[in-house]
Amino acid sequence: MVRFPEGAKIIKEKGAGTSMYVVLEGTVGVAVGRRIIEKIGIGGVFGEMALVDNAPRAATVVAREECVLLSINRDALLALVKSDPGIGMSMMRAVAARLRYMNSLFEG
């Protein structure tokens with residue numbers, strides 16, 4: 001578990017992705033460029049895309065208030081998915097939902 005004070009930058013857009021996070025307490029804001037595109041609260045997940053494809057981060061994530069997060073690195077994620085494939089399917093659904101949401105922001 002890791003703590004971040006209000007205003008702390010948790011993930012920087014285009015940075016390397018070494019961990020994903022589950023919000024245990026607090027809320028975070030997700031921004032692409034200077035635009036806030038999503039707010040994530042307790043139980044929400046972010047940072048998983050960079051672990052799946054080893055690409056740079058797609059967004060910046062900032063603590064909107066003091067946060068407690070569960071940090072999961074790539075090796076732990078892979079072990080978790082191998083032990084429970086349902087978690088992998090759940091993550092794919094979450095990524096698909098996020099992609100559909102992002103597409104809706106840019107539609108007419």
On the basis of being open to solvent by 30 Å² or more (accessible area, probe 1.4 Å) and farther than 25 Å from Phe106 by Cβ, does Gly26 make the cut? no
Which residues, counting only those in segment 46-61, are part of a strand (DSSP E or B) and open to solvent by 50 Å² or more (accessible area, probe 1.4 Å)? none
Residues located in segment 53-69, provided they are at pLDDT below 95, aliphatic (A, V, I, L, M) and either in contact with a strand residue (DSSP E or B) (Cβ under 8 Å, 6 or more places away or on another chain) or more than 25 Å from Phe4 (Cα to Cα) (or both): Ala58, Ala59
Failed condition for Thr18, given (1) of a type in the set (Val, Ile, Thr); (2) modelled with pLDDT under 90; (3) out of contact with any Gly (no Cβ under 6 Å at 6 or more places or on another chain); (4) within 26 Å of Phe106 (Cα to Cα): (4)
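With the structure loaded, tell me whether Ala97 is open to solvent by 20 Å² or more (accessible area, probe 1.4 Å), small (Gly, Ala, Ser) and at negative phi or whether it fails that test. Give the steps one after another, and end with the answer.
Values: open to solvent by 20 Å² or more (accessible area, probe 1.4 Å): yes; small (Gly, Ala, Ser): yes; at negative phi: yes.
Spelling it out, Ala97 is indeed open to solvent by 20 Å² or more (accessible area, probe 1.4 Å), small (Gly, Ala, Ser) and at negative phi.
The values are calculated or read from the model by the stated rules, or taken from the named source; none is laboratory data. All values reported here derive from a predicted model rather than from experimental measurement. Using ideal geometry, Cβ is built from the backbone for each residue, glycine included, and neighbour counts are taken over all protein chains shown. Please note that ligands, DNA and RNA were not included when accessible areas were found on the heavy atoms of the full protein model with its side chains. Shrake-Rupley method; radii C 1.70, N 1.55, O 1.52, S 1.80 Å.
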